[in-house]
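Below is one structure. I have some questions about it.
Bear in mind these aren't lab numbers, they're just calculated from the coordinates by the rules spelled out. All values derive from a computational prediction rather than experimental measurement. Positions of Cβ are generated from backbone atoms using ideal geometry, with glycine treated the same way; all protein chains shown enter the neighbour counts.
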Amino acid sequence: MEKLRTTARAGSEGHVVWHHSYSMGIKVIDDQHKGLLDFVNDIFNHATGDEREERLWFKDVIQQAVDYVKEHFATEEKYMIATKFPDYAAHKKAHEEFTLTVIKSVKDFDTGKRLVLKKFAYFLKDWVLSHVAVMDRQYADYFRRIATRKTDGKLTITSLDIRR
């Protein structure tokens, strides 16, 4: 997955700094979550209050961001299906609702409605952090419960672990 083009500055208003507590323990998903947070930080960087400037930037990056989110959700869902995660349907529904909300915001923007970039950034930040902390934590805990511990101490999920 291509990394989102960002210019994040840690510590600025609204910005999120990655913390190990956000980790799911799956490198590809953790890297994608970091990319999402970088994008949120980049939105804060571009929330200057200059509507024309914000519109130009948003128009330039939003489709890339939507594609990134869709690919991230597909990655998570692939892992959930492969491991027979019991709450897959609820998780997929949350992904779909979020995607529809973002797409509606983009359509509103495309039809000329004012987009308050800082407000949009806070919405994304709150959604991503709460989703990672609650819903994603559920599948991460499930993966750890069903995984086999290898002799080197690392966890791995084999076909034997998911034969329920």
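Please give the number of the condition Y122 fails out of (1) crowded, with 18+ Cβ neighbours inside 10 Å; (2) under 19 Å from H15 (Cα atoms).
(1)
Looking only at segment 58-83, count how many residues are in contact (Cβ under 8 Å) with a residue 24 or more places away in the chain and either surrounded by 16 or more Cβ atoms within 10 Å (Cβ to Cβ) or within 19 Å of V134 (Cα to Cα) (or both).
Going through segment 58-83 one residue at a time, the tally reaches 13.
Report whether or not E96 is under 18 Å from the mean Cα position of the chain (by Cα), of a type outside the set (V, I, T) and either part of a helix (DSSP H, G or I) or surrounded by fewer than 16 Cβ atoms within 10 Å (Cβ to Cβ) (or both).
The answer is yes for E96.
Considering (1) of a type in the set (F, W, Y); (2) under 19 Å from R137 (Cβ atoms); (3) in contact with a Phe, Trp or Tyr (Cβ under 9 Å, 6 or more places away or on another chain), say which one Y22 fails and leave the rest.
Of everything listed in (1) of a type in the set (F, W, Y); (2) under 19 Å from R137 (Cβ atoms); (3) in contact with a Phe, Trp or Tyr (Cβ under 9 Å, 6 or more places away or on another chain), Y22 misses just condition (3).
Take D108 and decide whether it is within 15 Å of the chain's Cα centre (by Cα), surrounded by fewer than 18 Cβ atoms within 10 Å (Cβ to Cβ) and more than 19 Å from V132 (Cβ to Cβ). Even if it seems obvious, please write down each step before you answer.
On the way: within 15 Å of the chain's Cα centre (by Cα): no; surrounded by fewer than 18 Cβ atoms within 10 Å (Cβ to Cβ): yes; more than 19 Å from V132 (Cβ to Cβ): yes.
Criteria not met by D108.
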